Amino acid sequence: MTARTVGDVAALRDLPLEYPVFVETGALAALGDVVHAFAPAHRIGIIADATVAQAHGDAIRASFGGMRVDLLTVAPGEQEKTRERWAQLTDALFALEFGRDSTIVAIGGGVVCDLAGFVAATFMRGVPIVQVPTTLLAMVDASVGGKTAVDPPAGKNLVGAFHNPKAVLIDPLMLRTLPASVLRAGLAEMIKHGVIADAAYLEAILHALPEIALRGADSEALPSLVANSVRIKAAVVAEDTREDGLRQILNFGHTIAHAIERLVDYQVSHGEAVAVGMVVEGRIAESIGLAKPGLALAIADSVRRAGLPTSIDGLSLRPELRSRVSPLAVVRATRGDKKARGGLVRYALPRQVGEMEAAEGAWSVPVLDEVVERALA
Ligand SMILES: NC(=O)c1ccc[n+]([C@@H]2O[C@H](COP(=O)([O-])OP(=O)(O)OC[C@H]3O[C@@H](n4cnc5c(N)ncnc54)[C@H](O)[C@@H]3O)[C@@H](O)[C@H]2O)c1
Ligand SMILES: [Zn+2]
């Protein structure tokens with residue numbers, strides 16, 4: 001593959017962000033030029049997921065042409081998103097004599113986006129970063145919004161910083177090497193975007209699902225769907241950069257999902273947990289009279305068509321973990337969620353597909369535990 005220039009790839013138009021997001025098949029070939037144009041630096045450090053570096057390393061290097069770059073790899077998996085790995089990467093940059101005039105390029109799924117993002121946010125009090133998400137989830141979620149983090153023993157994402165990238169480059173072709181189950185996790189977040197913001201978008205996703213199931217990363221519909229999700233996420237985070245209001249709608253399905261994930265020590269796919277969470281929270285919205293009957297069924301139908309589970313029983317869980325996720329246990333676990341202020345746990349809930357409850361600007365509503373337990377049963 002030969003290098004392309006920034007002029008060859010189109011950034012999404014009219015995004016309410018301070019940085020461009022490029023979404024295009026084959027965009028990876030322009031990475032070197034994108035870095036040169038938006039985050040030029042004396043030294044360029046690529047922090048990449050090891051699996052991704054192995055599969056796409058040649059294309060990555062080719063895009064930088066003759067430019068000097070240093071490649072640091074991170075073994076795959078959430079267990080790498082630690083302060084220890086952050087310290088090691090930071091020290092590796094110092095050992096390579098990186099200074100203030102450096103740019104970090106993150107290439108990987110959400111784990112590497114978050115970890116490399118936190119390295120960039122803190123290295124010499126902050127150096128530029130370019131994000132190259134390589135899972136569908138990272139493309140439509142983790143790469144946009146500027147949240148970076150590592151997981152201390154106390155819990156997921158509890159140490160981190162807001163650090164916006166200088167550019168985001170999304171090449172759907174990089175998804176070719178992604179296992180189908182990991183691809184589906186991204187579909188759950190895309191369905192979420194449809195439910196929280198755009199009914200027509202949800203329809204477009206549903207229409208494309210058979211083709212995506214058949215062709216995966218080569219789906220012709222995928223690039224524009226990814227772009228649509230990026231637009232929705234961008235619109236939300238632009239309005240509420242630090243998560244005190246509107247950004248809560250992105251948590252739809254996640255209060256239940258996080259509770260399930262915690263109960264099984266994260267031995268469940270985030271996408272599956274979110275899928276179930278959306279169905280359950282849809283049911284909660286119906287039972288407290290926020291949404292008309294039928295919403296939960298419509299969400300369940302979308303989730304099912306994406307090949308994702310609609311109930312706790314449908315989760316791909318090791319048998320010995322099943323007993324941990326009873327309705328009562330899940331309700332109890334929601335109390336550990338950071339959105340539990342005051343007495344009741346708060347939920348971001350839809351009124352209908354495409355519209356979330358504003359609750360006088362709070363964008364989340366307190367719900368009784370009994371209601372949640374019934375929705376889970
Ligand atoms: N910052 C944010 O706003 C934000 C938002 C959502 C999620 N996240 C974080 O994202 C993380 C989850 O991200 P994820 O689901 O992308 O998981 P991940 O980064 O662990 O990637 C999943 C797996 O896919 C592999 N992989 C990645 N790209 C590949 C490719 N192109 N080909 C082959 N294999 C590939 C990885 O090696 C890994 O094994 C969590 O830590 C979560 O907290 C952050
Ligand atoms: Zn999520």
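Which number in (1) in contact with a Pro (Cβ under 8 Å, 6 or more places away or on another chain); (2) under 25 Å from ALA29 (Cα atoms) marks the one condition that ALA62 misses?
Going through (1) in contact with a Pro (Cβ under 8 Å, 6 or more places away or on another chain); (2) under 25 Å from ALA29 (Cα atoms) one by one, ALA62 breaks only (1).
What residue, among those in the stretch 136-178 that are near ligand 1 (Cβ under 8 Å from one of its atoms) and in contact with a Lys or Arg (Cβ under 6 Å, 6 or more places away or on another chain), is nearest to TYR19 (Cα to Cα)?
The selected residue is VAL144.
Applying the selection to the stretch 145-173, what residues are in a helix (DSSP H, G or I) and under 16 Å from the mean Cα position of the chain (by Cα)?
Answer for the stretch 145-173, where residues must be in a helix (DSSP H, G or I) and under 16 Å from the mean Cα position of the chain (by Cα): just PRO172.
Being touching a strand residue (DSSP E or B) at 6+ places or on another chain (Cβ under 6 Å) and hydroxyl-bearing (Ser, Thr, Tyr) narrows it down to one residue among SER102, SER63; which is it?
Numbers: SER63 fails: touching a strand residue (DSSP E or B) at 6+ places or on another chain (Cβ under 6 Å).
From the options SER102, SER63, the qualifying one is SER102.
Pick out the one residue from ALA197, ALA204 that is in contact with a helix residue (DSSP H, G or I) (Cβ under 6 Å, 6 or more places away or on another chain), surrounded by 15 or more Cβ atoms within 10 Å (Cβ to Cβ) and modelled with pLDDT of 95 or more.
Residue meeting the stated conditions: ALA197.
Please go through the stretch 130-155 and give me each residue that is within 14 Å of PHE118 (Cβ to Cβ), among the charged types (D, E, K, R) and in contact (Cβ under 8 Å) with a residue 40 or more places away in the chain, ordered by number.
If the condition is that a residue be within 14 Å of PHE118 (Cβ to Cβ), among the charged types (D, E, K, R) and in contact (Cβ under 8 Å) with a residue 40 or more places away in the chain, then ASP151 is the only one that fits.
Any idea which of PRO128, PRO165 is under 24 Å from LEU12 (Cβ atoms), modelled with pLDDT of 95 or more and surrounded by fewer than 24 Cβ atoms within 10 Å (Cβ to Cβ)? Step through it out loud before you land on a result.
On the way: PRO165 fails: surrounded by fewer than 24 Cβ atoms within 10 Å (Cβ to Cβ).
That would be PRO128, the only listed residue that is under 24 Å from LEU12 (Cβ atoms), modelled with pLDDT of 95 or more and surrounded by fewer than 24 Cβ atoms within 10 Å (Cβ to Cβ).
Residues that are among the acidic types (Asp, Glu), at least 3 per element: which helices (runs of 4 or more DSSP H) completely within the stretch 270-325 meet that?
270-287
Does LEU89 satisfy being in contact (Cβ under 8 Å) with a residue 40 or more places away in the chain, out of contact with any Gly (no Cβ under 8 Å at 6 or more places or on another chain), away from ligand 1 (no atom under 13 Å from the Cβ) and within 16 Å of ALA53 (Cβ to Cβ)? Let's see the steps before the verdict.
Working: in contact (Cβ under 8 Å) with a residue 40 or more places away in the chain: yes; out of contact with any Gly (no Cβ under 8 Å at 6 or more places or on another chain): yes; away from ligand 1 (no atom under 13 Å from the Cβ): yes; within 16 Å of ALA53 (Cβ to Cβ): yes.
Yes.
Looking only at the stretch 323-339, filter to residues that are under 22 Å from the mean Cα position of the chain (by Cα) and surrounded by fewer than 14 Cβ atoms within 10 Å (Cβ to Cβ); which one of those is modelled with the lowest pLDDT?
It comes out as LYS338.
Please go through the stretch 19-55 and give me each residue that is over 26 Å from PRO76 (Cβ atoms) and within 19 Å of the chain's Cα centre (by Cα), ordered by number.
If the condition is that a residue be over 26 Å from PRO76 (Cβ atoms) and within 19 Å of the chain's Cα centre (by Cα), then TYR19, PRO20 are the ones that fit.
Consider the stretch 113-145. How many of its residues are within 19 Å of ALA227 (Cα to Cα) and either among the basic types (Lys, Arg) or away from ligand 2 (no atom under 16 Å from the Cβ) (or both)?
Result for the stretch 113-145: 4.
Among the numbered criteria (1) within 26 Å of GLY77 (Cα to Cα); (2) of a type outside the set (Ser, Thr, Tyr); (3) in contact with a His (Cβ under 6 Å, 6 or more places away or on another chain), which single criterion is violated by ILE232?
The one condition ILE232 does not meet is (1).
Before we move on, is GLU189 within 11 Å of ligand 1 (Cβ to nearest atom) and either surrounded by fewer than 24 Cβ atoms within 10 Å (Cβ to Cβ) or modelled with pLDDT of 95 or more (or both)?
yes
The values are calculated or read from the model by the stated rules, or taken from the named source; none is laboratory data. Owing to the predicted nature of the structure, the values given are computational and were not obtained by experimental measurement. Glycine gets a Cβ as well: all are built from the backbone with ideal geometry, and neighbour counts include every protein chain shown.
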